[in-house]
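In what follows, a structure is listed as structure tokens, so that the remarks can point back to it.
The values are calculated or read from the model by the stated rules, or taken from the named source; none is laboratory data. Just so you know, these numbers come straight off a predicted model, no measurement behind them. With ideal geometry, Cβ positions are generated from the backbone for all residues, glycine too; neighbour counts draw on all protein chains shown.
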Amino acid sequence: MLTRLASTGLDQVADLRDYLALIPDPRKRRGVRHSLVSILTLAAAAVAAGAQSFTAIGEWAADAPQRVLARLGTRFDPRRDRHLAPDEATLRRVLRAIDGDDLDAAISNWITATTPPEHTATAIAVDGKSLRGTFARTGGAGVHLLSALTHHNGTVLAQQQVTTGTSEITWMQPLLDQIDLTGTVVTADALHTTRGLAAYLAGRGAHYVFTVKANQHRLHTRLTTMPWPQATHHTGTGIGHGRLEQRTIEILPAPDDLAFPHTATVFQLTRYRTNRVTGIRHTHTGYGITSLPAHTGPAEIAAFLRGHWCIENRLHWVRDTTYREDASRVRTGTAPRAMATLRNLAISALRTTGHTNIAQGLRHTARDATRPLTLYGITP
């Protein structure tokens, strides 16, 4: 889907509306009063101003001045001589019915097109997140989303829903199919340390940095028996969350009998964590593999491992704490995914324009109703 949208010649257009206009309208033509583009653009603007729910989006729309509604392309009523904003019920119905793949593809294209060349991704973290509010009280599956995020500036390149009855492994390649991986390094947790994904990334011109746990029993056992005293090592320290952490990474050339596609280097990472209040110390040792060239040093590999956590700290945590995503009770249709997509859009756009603190950025856009429009390239 992303390839089809990208081939429309809009790769240099900054106006978000031009990308949203490519999404098919799921509604029947009879009785439609508000265009799909105006509804989606209005919802995106409200979320960029901090709206966390359909109610909040509807309130933002109701308070928007006429000049803003005009720029958003809302319906003009000649009898009242004014632009009319769609109400909350209309917003809710549309976002419940919208095709999640189409919405994600359009927004991913816009993010890619508006990313400055100097911010081109060199490392991409992939991880999944379940939307807790979508899980029924009686049990059953909820909405689980797999996302790809750049290490360096925390923008969301793609998102894919993991359908019920499948796993993240099934959807990893469809997610990455939407991204130009040439020359990038992809990081993922131990769930995705598979030979199929390693071969796929090599075929796309990308490298991988994978962690290895007991789910890969033979591979894990082989790594534990490596001659680590002979390894090249690097040690780094950091302070955070009330603890002092020392991280030592050791690397060795991959042995010939490893039997894992394109692996060039194996590593052992040992973390020593000390609680600064209690003085209690914990030690954890983990293992991993990478296809990066043999001349890649331990410090560089350690940086990729640390960078992988950006998807937890700069995306999942922000959506949970700033947008209160897990407290949301939006459950029907594609609405949960659509709201997550609009949050990804706002977070990525704010980061691209220099906001490092998303909560502060949302407060900034909320103070002036025209600021979300400027953020999305919507000109008068």
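Is it the case, given these coordinates, that residue 55 is in a helix (DSSP H, G or I), surrounded by 17 or more Cβ atoms within 10 Å (Cβ to Cβ), free of Cβ contacts under 8 Å to residues at least 60 places away in the same chain and of a type in the set (Val, Ile, Thr)? Here the answer is no, as residue 55 does not meet what is asked.
Of the residues making up the stretch 288-318, those that are in contact with a His (Cβ under 8 Å, 6 or more places away or on another chain) and either closer than 24 Å to residue 147 by Cα or among the small types (Gly, Ala, Ser) (or both) are 290, 291, 292, 297, 299, 302, 304, 307, 308, 310.
Based on this model, can you work out whether residue 215 counts as at pLDDT below 95 and surrounded by 15 or more Cβ atoms within 10 Å (Cβ to Cβ)? When the stated conditions are applied, residue 215 does not pass them. Scanning the stretch 185-223 for residues that are among the charged types (D, E, K, R) and over 24 Å from residue 152 (Cβ atoms) gives 195, 213, 218, 222. Within the stretch 194-243, the residues that satisfy the criterion of being in contact with an Asp or Glu (Cβ under 9 Å, 6 or more places away or on another chain) and charged (D, E, K, R) are 204, 213, 222. When the stretch 282-304 is limited to residues that are among the hydroxyl-bearing types (Ser, Thr, Tyr) and not in a loop (DSSP other than H, G, I, E, B), the one that is surrounded by the most Cβ atoms within 10 Å (Cβ to Cβ) turns out to be 290.
Looking at 124, 111, just one residue is buried (at least 20 other Cβ atoms within 10 Å of the Cβ), part of a helix (DSSP H, G or I) and touching a residue at least 60 places away in the same chain (Cβ under 8 Å), and that residue is 111. The lone criterion from (1) more than 30 Å from residue 92 (Cα to Cα); (2) in the same structural domain as residue 232 (by TED's automatic domain parsing) left unmet by residue 354 is number (2). When each of 371, 367 is tested for being in contact with a Ser or Thr (Cβ under 6 Å, 6 or more places away or on another chain), surrounded by fewer than 22 Cβ atoms within 10 Å (Cβ to Cβ) and not assigned by TED's automatic domain parsing to the domain that holds residue 189, the lone residue that passes is 371.
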